[in-house]
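Peer 1: First, the structure itself, so that you have it in front of you.
Quick note: the coordinates plus some simple rules give every number you see, no bench work behind them. Predicted model, so just to flag it, every value in this text is computed and none were measured. When we count neighbours, we look across all protein chains shown, and the Cβ atoms used for this are built from the backbone with ideal geometry, even at glycine.
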Amino acid sequence: MSKKLVILGIESSCDDTSAAILQGKKILSNITANQEVHALYGGVVPELASRAHQQNIIPVVDTAIKEANIKKENIDAIAFTQGPGLLGSLLVGSSFAKSCAMGMGIPLIAINHMQAHILAHFIDEGKPVPKFPFLCLTVSGGHTQIVKIISHTNMQVIGTTIDDAAGEAFDKSAKLLKLPYPGGPLIDKYAKNGNIHAFKFGKPKVKELDFSFSGLKTSILYKIQNNIQKNPNFIEENLEDLCASIQHSIITILLEKLKKAINKTGIKEIAIAGGVSANSYLRNELQKLAKEKDYTLYIPKFEYCTDNAAMIAISGYFKYLKKDFADQSETSLASLSF
Ligand code: KG4
Ligand code: ZN
């Protein structure tokens, strides 16, 4: 039997520096260094992110190779995130990947971060994987998309946000509730004991399969401001109900559009991906819906929801099979469509 491909994946699009080793379609290691520095500022500071990537990248790659228990010489190709993301952050990962590939004389593979979130479903975990064509609701801090996946390398965005992303809606709402960044996981946590119907917020009206979250954010801001005038402890006294109601509003917007996409395309193989796909309410509501409507649902492991290099490595695998390699002149791109 021929030797299984070994790919080093490198992800540095935002505030996580990550490296993974993939052998065949199995992950041998997936190491991520989170950047604590941004918590002080209530959001990612791009310049600080690039500097932290520079400090983290060598130890992270080194640990990934050691943990995978392979030798550097065993690596067949290096896959890196080309975009979309913060330009300075992307440049750290791409420069590192390019120099390693050149030094080691192995192919370089440029990966689209949003496609990689989806392709994480194909990491071999001994579980069924989505069948083509399938729909994926890709929800992260920077993007909200409904994607029709025709093959590993052929995908179409059929719905997207016209303003904020779903993760941004979580994080900005959390900021209004005085919760630290990133607020999505904290809203998820406090919402567990709250009443989803305690507060009502404005609902967007956007055509077709597109999304909008900026109106919701304004509606939440006004609700909080008006109530704080009457009761300065409004947030503290209602935190769980506020989190549950905000989360319910965001997830309802996502689910309504996903249902519309399913009806429109007739596709019943459904996946979710991206940081917000870690949300427990989204997962539960989707599971109920899938059971009721007989959809086949694919939910990624938690570690493959938020940014990670395992998803970059598996995307590299599919491009390697097509010999779709990048050269040293490939540039990092802050915005990159499919
Ligand atoms: O995919 P990701 O790690 O990075 C980007 O590519 O943007 O997504 C990060 C986003 C953040 O907005 C974060 O608040 C959100 O995912 N997030 C969550 C949860 N875990 C992460 N949002 C809601 N509930 C969660 N459990
Ligand atoms: Zn991401």
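Peer 1: If I model a spin label at N69 and S151 as a point 7 Å from the Cα along the Cα→Cβ vector, what separation in nanometres do I get?
Peer 2: Rounded to a tenth, the inter-label distance reads 3.6 nm.
Peer 1: Can you give me the relative contact order of the stretch 15-77 as a percent, contacts being Cα pairs under 8 Å and 6 or more apart? Write down the numbers at each step before the final one.
Peer 2: On the way: 69 pairs, mean separation 24.5, N = 63.
Value for the stretch 15-77: 39 percent.
Peer 1: Taking 7 Å along the Cα-to-C-beta vector as the label spot, tell me the E256-E36 distance in nanometres, rounded to one decimal.
Peer 2: It works out to 4.2 nm between the two label points.
Peer 1: On average, how much area does the Cα convex hull of the stretch 1-95 cover when viewed from any direction, in nm²?
Peer 2: Values: hull surface 25.3 nm².
About 6.3 nm², averaged over all directions.
Peer 1: I need V61, V276, V6 ordered by Cβ neighbour count within 10 Å, fewest first. Numbers along the way, then the final one.
Peer 2: Details: V61 26, V276 29, V6 21.
Lowest count first: V6, V61, V276.
Peer 1: Shifting gears a bit: Most exposed first by the Cβ proxy, i.e. fewest other Cβ within 10 Å, how do T218, T265 rank?
Peer 2: On the way: T218 11, T265 15.
Lowest count first: T218, T265.
Peer 1: How much of the DSSP bridge set in the chain is antiparallel, in percent, rounded to the nearest 5? Numbers along the way, then the final one.
Peer 2: Working: 27 of 44 bridges.
Of those bridges, close to 60 percent are antiparallel.
Peer 1: Separate question: Averaging the inverse of every distinct alpha carbon separation and then flipping it gives the Kirkwood radius. What is it for the stretch 235-312, in angstrom units?
Peer 2: On the way: mean 1/r = 0.0720 Å⁻¹.
Every distinct Cα pair counted, the radius reaches 13.9 Å.
Peer 1: Right, here's the next one. Report, to one decimal in Å, the Kirkwood hydrodynamic radius for the stretch 44-147 based on all distinct Cα pairs. Don't jump to the answer; show the numbers that get you there.
Peer 2: Values: mean 1/r = 0.0633 Å⁻¹.
15.8 Å is the Kirkwood radius here.
Peer 1: Considering the dipole of the stretch 125-261 built from charges on the beta carbon (Lys and Arg +1, Asp and Glu -1) around the Cα centre, which of Y181, Q145, L135 is farthest to its positive end?
Peer 2: My answer, from the dipole projection, is L135.
Peer 1: Connecting C-alpha atoms closer than 10 Å in a GNM of the chain, tell me which of L297, L286, L221 has the biggest fluctuation.
Peer 2: L221
Peer 1: Can you give the log10 of the normalised intensity I(q)/I(0) at q = 0.06, 0.10, 0.13, 0.15 Å⁻¹, computed with Debye over equal Cα scatterers of the chain?
Peer 2: Each listed q maps to, in turn, -0.22, -0.59, -0.97, -1.23.
Peer 1: Given +1 on the Cβ of Lys and Arg, -1 on the Cβ of Asp and Glu, and no further charges, what dipole in debye does the chain carry about its Cα centre, rounded to the nearest 20?
Peer 2: Numbers: 37 positive and 32 negative charges, 194 e Å.
Computed about the Cα centre, the dipole is about 940 debye.
Peer 1: Which of S99, S89, S214 ends up with the largest GNM mean-square fluctuation for the chain, with Cα atoms connected below 10 Å?
Peer 2: Maximum among the listed residues: S99.
Peer 1: Within 10 Å of each residue's Cβ, count the other Cβ atoms and sort L177, L87 from fewest upward.
Peer 2: Working: L177 20, L87 16.
Ascending number of Cβ neighbours within 10 Å: L87, L177.
Peer 1: Which cross-chain or sequence-distant (5 or more) residues have an amide H under 5 Å from the amide H of K26, H modelled 1.01 Å from N in plane?
Peer 2: D124
Peer 1: Top mean-square fluctuation among K205, K257, K268, Gaussian network model of the chain, C-alpha springs under 10 Å?
Peer 2: K205
Peer 1: Among all helices in the chain defined by DSSP H, which have a length of 18 Å or more along the axis from Cα atoms plus a Kyte-Doolittle mean of at least -1.0? Walk me through the numbers before you get to the answer.
Peer 2: Numbers: long enough: 46-68 (31 Å, -0.19); 87-104 (25 Å, 1.11); 214-230 (25 Å, -0.51); 234-265 (44 Å, 0.16); 280-293 (20 Å, -1.36).
Helices passing the filter in the chain: 46-68, 87-104, 214-230, 234-265.
Peer 1: Same structure again: Note the full-extension length gain between Q229 and K291 as 0.36 nm times their separation in residues minus their Cα-Cα distance, in nm to one decimal. Don't jump to the answer; show the numbers that get you there.
Peer 2: Values: separation 62, 0.36 × 62 = 22.32 nm, distance 4.43 nm.
The span from Q229 to K291 would gain 17.9 nm if fully extended.
Peer 1: Follow-up question, since we're still on this one. Scan the stretch 1-108 for trypsin sites (Lys or Arg not before Pro) in coil per DSSP, keeping those whose Cβ has at most 10 other Cβ atoms within 10 Å, and list them by number.
Peer 2: Working: sites: K3, K4, K25, K26, R51, K66, K71, K72, K98; in loops: K3, K4, K25, K71.
Taking the stretch 1-108 and a limit of 10 other Cβ atoms within 10 Å, the loop trypsin sites (Lys or Arg not before Pro) found are K3, K71.
Peer 1: Right, next: What's the magnitude of the charge dipole for the stretch 229-338 around its Cα centre, counting Lys and Arg as +1 and Asp and Glu as -1 at the beta-carbon? Answer in Debye, nearest 20. Before the final figure, lay out the partial values.
Peer 2: On the way: 14 positive and 14 negative charges, 126 e Å.
The calculation lands at about 600 debye.
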